[in-house]
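K.L.:
Take this structure first; my questions come after.
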Amino acid sequence: MADRVAVKRAYDPPAPEDGQRVLVDRLWPRGLSKENAAIDLWLKAIAPSTALRQWFGHDPARWDEFQQRYRTELEVNGEVVAQLRDVIRAGKTTLIYGAKDEAHNDAVVLAGYMAEAISTGS
């Protein structure tokens, strides 16, 4: 599974090894043109809710709680999770995000969640 899903900042240049590039943020990355982003699919609905995103504010002190809350949101968002699972099963997929923090962002949580969901057949 790890070789099927990658996580990458939207501001990093696209590469052929990215496979399907799926933007997983609710907001389009600031200052990035659609052409330069090379996004194949924008799954706004899989992003954390606006309330959760604003509460988190990319504060590492809230990281553990953010992960739990976001996973809870994903649990009740079955249709869009299934859509992403189908994309991942079809081939290499890179989850694209706009945050500056490469360790504490929604795409990192989502990649782990999807790895678990696919390995358990959910």
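K.L.:
From Cα coordinates alone, what are the radius of gyration and Dmax values for region 5-119 in angstrom?
P.N.:
Just the Cα atoms of region 5-119 yield Rg and Dmax of 13.2, 36 Å.
K.L.:
Here's something else I'd like to know. Mind checking which of LEU110, TRP42, ALA61 is farthest towards the positive end of the chain's charge dipole, using Cβ charges of +1 (Lys, Arg) and -1 (Asp, Glu) about the Cα centre?
P.N.:
Going by the charge dipole, the pick is TRP42.
K.L.:
Once whole DSSP H runs in the chain are found, which of them have Cα atoms spread over 24 Å or more along the helix axis and a mean Kyte-Doolittle score of at least 1.0?
P.N.:
Numbers: long enough: none.
None pass (Cα extent of 24 Å or more, hydropathy at least 1.0).
K.L.:
Also: Take the chain, connect every pair of alpha-carbon atoms lying under 10 Å apart with a spring to form a Gaussian network, then pick out the residue of ALA103, ALA111, ALA37 with the largest mean-square fluctuation.
P.N.:
Highest fluctuation among the options: ALA103.
K.L.:
Still on this structure, I have one more. Could you give the dipole magnitude of the chain about its Cα centre, charging the beta-carbon of Lys and Arg +1 and that of Asp and Glu -1, in debye to the nearest 20? Don't skip to the end; give the middle numbers.
P.N.:
Working: 16 positive and 18 negative charges, 47 e Å.
Dipole about the Cα centre, nearest 20: 220 debye.
K.L.:
While we're here: At a threshold of 8 angstrom on Cα-Cα distance, excluding pairs fewer than six apart, so keeping six or more, what relative contact order does region 5-119 reach in percent?
P.N.:
On the way: 156 pairs, mean separation 48.5, N = 115.
Relative contact order of region 5-119: 42 percent.
K.L.:
Of ILE96, SER33, GLY78, which is farthest on the positive side of the dipole of the chain, counting Cα position, with +1 on Lys and Arg Cβ, -1 on Asp and Glu Cβ, and the Cα centre as origin?
P.N.:
SER33
K.L.:
Roughly how many Å is it from the Cα centre of region 64-96 to that of region 1-37, as a whole number?
P.N.:
Cα centres, region 64-96 to region 1-37: 15 Å.
K.L.:
When the chain is modelled as a GNM with alpha-carbon springs shorter than 10 Å, which of LYS44, LYS92, LYS34 fluctuates the most?
P.N.:
Among LYS44, LYS92, LYS34, the largest GNM mean-square fluctuation belongs to LYS34.
Just so you know, all these numbers are worked out from the coordinates, no wet-lab data involved. Note that this is a predicted model, so its numbers are computed, not measured. Virtual Cβ from ideal backbone geometry, glycine too; neighbours counted across all protein chains shown.
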